[in-house]
Amino acid sequence: MENYDYLDEKGRIFDIQRYSIHDGIGIRTIVFLKGCALRCKWCCNPESQSWEIETMMVNGRAKTYGRDVTVREVMQTVRRDMPYYSRSDGGVTLSGGESLLQPAFAKALLMAAKALGVNTALESMGFASFETIDGILPYLDTYLMDIKHMDPKKHAAWCGKENTKMLENARRIAESQKTRLIIRVPVVPGFNDTEAELLAIAKYADSLPGVEEIDLLPYHNFGEGKYTGLGRDYPMGAAKRPSTEKMAQFQKAISNNTGLYCQIGG
């Protein structure tokens, strides 16, 4: 494309979270891209799901979620945060939604961060063609990939889509050896909160070349108020967060039955 400058690439975000210590090593700037192909029942960011710009009631006031920005604009925030990265080995993380649904924008953001010497991470379900994923891997230090279940039918019932493509992409990413791949598993009551289901995911992760870590993320209902603010029912009802004891049991089972380092996050 004549006179194309990737810093002028436009995309739609719904938030930029600064000074985060999750979703990658060190202090991170997290850019949340709007739009998602899945509809996971426990999603804590329902404002991320639709591509459309939305209004949500927050503390009795209407707040707009979704704005169109250029990569250049996002990098202004990243530049301000760079002193924190250097002290903590932190960097930029793309999240969502599913950021791979805006592939050109996601790639341009990662390219811009790497041009500044900034560590990059992507939180993603891998719901994209592998060609799209392969195009961003040269600019990605860590891929934080959700694997929620091994059963495609149960995955479809709870998330809106089955997971064959995502599992295939996880293997192809691992085999490429182009980025560090960490598998993350939301532990959700009624969906995958049994030792057998979590061990099935862990054993699959352990079979992926170069994968050494799996993170268990216990369900929480922190996003429930957002559904009310959007005028929607909360799909998880009165579901409870898994107990500390139950999470420790899962962690021990995975550590005893795989070669993976297993930690509990969230």
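If only residues of region 46-91 that are assigned to a strand (DSSP E or B) and of a type in the set (Gly, Ala, Ser) are counted, the one that is farthest from Tyr19 (Cα to Cα) is Ala62.
Does region 92-100 contain at least one residue that is part of a helix (DSSP H, G or I), touching a Phe, Trp or Tyr at 6+ places or on another chain (Cβ under 9 Å) and either of a type outside the set (S, T, N, Q) or closer than 25 Å to Gln263 by Cβ (or both)? Yes: one or more hits. Look at region 165-185: where a residue is farther than 13 Å from Asp146 by Cβ and among the acidic types (Asp, Glu), no partner that is in a helix (DSSP H, G or I) and modelled with pLDDT under 95 sits 6+ places away or on another chain with Cβ atoms under 9 Å.
Each residue in region 3-45 was checked for being in contact (Cβ under 8 Å) with a residue 24 or more places away in the chain and outside any loop (DSSP other than H, G, I, E, B), and 19 of them qualify.
Meeting the requirement of 3 or more residues that are under 15 Å from Trp42 (Cα atoms), the helices (runs of 4 or more DSSP H) wholly within region 120-225 are 152-159. Looking only at residues in region 85-119 that are touching a strand residue (DSSP E or B) at 6+ places or on another chain (Cβ under 7 Å) and farther than 26 Å from Arg39 by Cα, the one that is surrounded by the fewest Cβ atoms within 10 Å (Cβ to Cβ) is Asp89.
Scanning region 226-266 for residues that are in a loop (DSSP other than H, G, I, E, B) and not hydroxyl-bearing (Ser, Thr, Tyr) yields a total of 16.
Looking only at residues in region 185-218 that are buried (at least 21 other Cβ atoms within 10 Å of the Cβ) and not aliphatic (A, V, I, L, M), the one that is farthest from Asn256 (Cα to Cα) is Phe191. If you filter region 230-250 down to residues that are under 21 Å from the mean Cα position of the chain (by Cα) and not hydrophobic (A, V, I, L, M, F, W, C), you find that the one that is farthest from Tyr204 (Cα to Cα) is Tyr234.
Of everything in region 46-60, what is surrounded by fewer than 18 Cβ atoms within 10 Å (Cβ to Cβ), under 15 Å from Gly225 (Cα atoms) and either touching a strand residue (DSSP E or B) at 6+ places or on another chain (Cβ under 9 Å) or among the hydroxyl-bearing types (Ser, Thr, Tyr) (or both)? Give them in sequence order. Of everything in region 46-60, those that are surrounded by fewer than 18 Cβ atoms within 10 Å (Cβ to Cβ), under 15 Å from Gly225 (Cα atoms) and either touching a strand residue (DSSP E or B) at 6+ places or on another chain (Cβ under 9 Å) or among the hydroxyl-bearing types (Ser, Thr, Tyr) (or both) turn out to be Thr55, Met57.
Please enumerate the residues belonging to region 9-33 that are crowded, with 18+ Cβ neighbours inside 10 Å and at pLDDT below 95. Answer for region 9-33, where residues must be crowded, with 18+ Cβ neighbours inside 10 Å and at pLDDT below 95: Asp23, Gly24. Is there a residue in region 180-190 that is farther than 23 Å from Gln249 by Cβ, at pLDDT 95 or above and among the basic types (Lys, Arg)? Checked against the condition, which is being farther than 23 Å from Gln249 by Cβ, at pLDDT 95 or above and among the basic types (Lys, Arg), region 180-190 yields at least one hit.
The condition of being free of Cβ contacts under 8 Å to residues at least 60 places away in the same chain and surrounded by fewer than 22 Cβ atoms within 10 Å (Cβ to Cβ) does not hold for Ser124. Answer yes or no: is there a residue in region 114-126 that is modelled with pLDDT of 95 or more, in contact with a Lys or Arg (Cβ under 9 Å, 6 or more places away or on another chain), under 26 Å from Leu217 (Cβ atoms) and of a type in the set (Gly, Ala, Ser). Among the residues of region 114-126, at least one is modelled with pLDDT of 95 or more, in contact with a Lys or Arg (Cβ under 9 Å, 6 or more places away or on another chain), under 26 Å from Leu217 (Cβ atoms) and of a type in the set (Gly, Ala, Ser), which makes the answer yes.
Within region 151-191, the set of residues being under 16 Å from the mean Cα position of the chain (by Cα) and among the aromatic types (Phe, Trp, Tyr) is empty.
The values are calculated or read from the model by the stated rules, or taken from the named source; none is laboratory data. This is a predicted model, so every value here is computed, not measured. Neighbour counts run over all protein chains shown; Cβ positions are idealised from the backbone, glycine included.
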